[in-house]
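Novice: Here it is: the structure, laid out below.
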Amino acid sequence: MPTDPYAWLEHSLATIHRADWYRSVQPINGRPGATVVLAGQEVINFASNDYLGLAGDQRLIAAAITAIAEFGTGSTGSRLLSGHRRLHRELEEAIASTKQTEDALIFSSGYLANLGAITALVGKRDLILSDQYNHSSLKNGAILSGAAFVEYPHCDIAVLKTQLSQQRQNYRRCLILTDTVFSMDGDLCPLPTLLDLADEFNCMLLVDEAHATGVLGKTGAGCVEHFGCTGKQLIQVGTLSKALGSLGGYVAASSVLIDFLRNRAPTWIYTTGLSPADTAAALAAIKIVQQEPQRRASLWQNVRYLKNLLQQQLPNLKLLPSESPILCFQLPSATDALKAGKQLRNAGIFAPAIRPPTVPTSRIRISLMATHEAVQIEKLVAVLKDIC
């Protein structure tokens with residue numbers, strides 16, 4: 001019998017290194033933005049999910065400071081004990097208004113929102129059908145729930161319908177899970193068709209709007225608004241940490257479902273409430289999204305500009321299909337992706353390699369912001385021409 005129960009860790013890390021899967025953090029100094037200082041080097045930032053450029057906005061900073069002055073730095077307990085503040089309810093009402101749902105519930109992160117909602121809604125007698133490319137939080141929520149968990153090929157409606165036809169009748173409840181914007185590809189789920197299937201087979205549908213909120217739709221409400229599905233019976237989960245520039249997560253749905261989650265979602269019941277600063281910053285961001293549609297217009301103008309430049313100057317670049325500010329191009333291996341990421345970094349571009357097991361095939365992921373300038377996008381394309 002081995003004498004050290006932790007001896008396996010070094011061997012496992014060595015395996016991760018050999019596969020080019022090893023990851024480490026990189027310090028960023030100063031406020032987030034279209035340019036950042038990364039390990040002492042100023043680079044153009046194409047790695048951020050701060051799509052509207054709000055994470056460094058002075059109005060969010062001011063809102064956070066004001067909230068700290070009034071409420072302190074922490075919520076001190078779960079929302080059901082000492083952790084509830086009026087700001088929490090104001091934010092939930094603002095999210096429900098944006099999503100045009102009856103109610104909303106905020107969590108301390110988007111990951112916790114998915115874990116809590118999924119494990120509360122289904123259990124061992126139930127079935128979950130999940131898109132193969134869904135975020136880790138959806139997959140882990142499904143596993144933790146104890147429900148039968150089946151993945152369908154990415155956006156393959158025909159296979160999903162077959163799975164429902166064969167299995168739905170064997171379970172008490174069924175929950176379909178999908179991202180709306182797939183964060184490592186940039187494409188969108190076929191939401192209207194998924195809603196039709198949910199109706200046909202008496203299923204709940206939970207959609208993760210993390211990369212859609214603030215970005216898609218006429219008012220920035222997300223992919224549900226983009227597809228004209230507002231008011232349909234579904235569960236919307238999302239985050240406050242991307243286009244809204246803060247931290248936290250939410251579920252937006254019917255009032256009865258939200259009331260149920262307040263009583264059954266463990267990651268809400270047993271977690272300290274979102275900090276006053278994060279709550280106030282997210283509330284300020286929602287107001288800006290509503291009042292400044294030009295930010296969203298600038299974002300989409302940048303997306304179109306980059307796509308046009310790539311089509312004109314790098315027609316052979318293998319871009320994945322995208323209908324979002326996320327553009328990815330695949331590379332043969334993790335080694336190739338790491339090399340391309342390093343070359344970009346050396347040229348002053350921050351667009352890191354994304355590798356297995358996060359994605360099935362290695363790639364460079366580029367995310368656009370409303371605050372990118374044309375000259376920065378042009379530099380990105382010029383560097384890509386040199387290395388691709």
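Novice: Of the accessible area of the chain, with the probe set at 1.4 angstrom, what percent is carbon plus sulfur?
Specialist: 53 percent
Novice: Could you state the accessible area per residue of segment 318-364 in Å², with a 1.4 Å probe and every protein chain left in place?
Specialist: Result: 43 Å² of accessible area for each residue.
Novice: Moving on to the next point. Where the centroid of each part is defined by its Cα atoms, how far is segment 155-234 from segment 1-59 in Å?
Specialist: 31 Å
Novice: Turning to a different aspect of this structure: Using the per-residue mean of other Cβ atoms lying within 10 Å as a proxy for protection, in what order, highest first, do the peptides 189-200, 359-370 fall?
Specialist: 359-370, 189-200
Novice: How many percent of Cα pairs in the chain exceed 37 Å?
Specialist: Here the tail beyond 37 Å accounts for 24 percent of pairs.
Novice: For segment 1-85, what does the relative contact order come out to in percent, with C-alpha contacts under 8 Å and a separation of six or more?
Specialist: Answer for segment 1-85 is 13 percent.
Novice: Grab the beta carbon distance between Arg264 and Arg125, set R0 = 22 Å, and tell me the FRET efficiency rounded to 0.05.
Specialist: 0.90
Novice: Another one. Tell me which of Ile106, Tyr270, Met204 sits at the most positive position along the dipole axis of the chain, charges placed on C-beta atoms (Lys, Arg +1; Asp, Glu -1).
Specialist: Tyr270
Novice: Over segment 139-241, what is the mean sequence separation of C-alpha contacts under 8 Å (at least six apart), divided by residue count, expressed as relative contact order in percent?
Specialist: Working: 127 pairs, mean separation 21.8, N = 103.
Reported relative contact order: 21 percent.
Novice: Averaging sequence separations of C-alpha pairs under 8 Å and six or more residues apart, then dividing by the length of segment 318-357, give the relative contact order as a whole percent.
Specialist: RCO, segment 318-357: 30 percent.
Novice: Continuing with this model, one more query. What Kirkwood hydrodynamic radius do you get for segment 303-388 when you take the inverse of the mean 1/r over all pairs of distinct Cα atoms, in Å?
Specialist: Details: mean 1/r = 0.0766 Å⁻¹.
Kirkwood hydrodynamic radius for segment 303-388: 13.1 Å.
Novice: Take the chain, connect every pair of alpha-carbon atoms lying under 10 Å apart with a spring to form a Gaussian network, then pick out the residue of Val207, Val256, Val303 with the largest mean-square fluctuation.
Specialist: Sorting by GNM fluctuation, first place goes to Val256.
Novice: Ok, one more. Mind checking the per residue accessible area of segment 110-164 for me, 1.4 Å probe, whole number of Å²? Mind dumping the intermediate values first?
Specialist: Numbers: 2040 Å² over 55 residues.
Per residue, segment 110-164 has an accessible area of 37 Å².
Novice: Here's something else I'd like to know. Straight-line reach from Lys342: which lysines fall under 22 Å, measuring Cα to Cα and dropping same-chain residues less than 8 apart?
Specialist: Qualifying lysines at Cα under 22 Å: Lys318, Lys379, Lys385.
Novice: Moving on. Please sort 68-75, 21-28, 264-271 by packing, taking for each peptide the average over its residues of neighbouring beta carbons within 10 angstrom, highest first. Show your work: numbers first, answer last.
Specialist: Details: 68-75: 14.4, 21-28: 10.1, 264-271: 18.1.
So the order, starting with the most tightly packed, is 264-271, 68-75, 21-28.
Novice: Which three lengths, in whole Å and largest first, does segment 156-303 cover when its Cα atoms are put on their principal axes?
Specialist: Each principal axis gives a Cα extent; for segment 156-303 these are 46, 40, 27 Å.
Novice: Follow-up. Just the C-alpha atoms of segment 169-237: what Rg/Rh do they give, with Rh taken as the Kirkwood radius? Working shown, then result.
Specialist: On the way: Rg = 12.2 Å, Rh = 12.3 Å.
Reported Rg/Rh (Cα atoms, Kirkwood Rh): 0.99.
Novice: Right, something else. Which net charge results when you count Lys and Arg as +1 and Asp and Glu as -1 among the other residues whose beta-carbon is under 13 Å from that of Phe149? Each step should come with its number before you reach the end.
Specialist: Working: positive: Lys124, Lys139; negative: Asp126, Asp131, Glu151.
Once all neighbours under 13 Å are counted, the net charge is -1.
Novice: Of the peptides 375-386, 49-60, how do they stack up when ordered by the mean number of other Cβ atoms within 10 Å, highest first?
Specialist: 49-60, 375-386
The values are calculated or read from the model by the stated rules, or taken from the named source; none is laboratory data. Given the structure is predicted, the values throughout are model-derived calculations rather than measurements. Note: ideal-geometry Cβ built from the backbone for every residue, glycine included; neighbour counts use all protein chains shown. All accessible areas refer to the heavy atoms of the entire protein, side chains included, with ligands and DNA or RNA removed. Shrake-Rupley method; radii C 1.70, N 1.55, O 1.52, S 1.80 Å.
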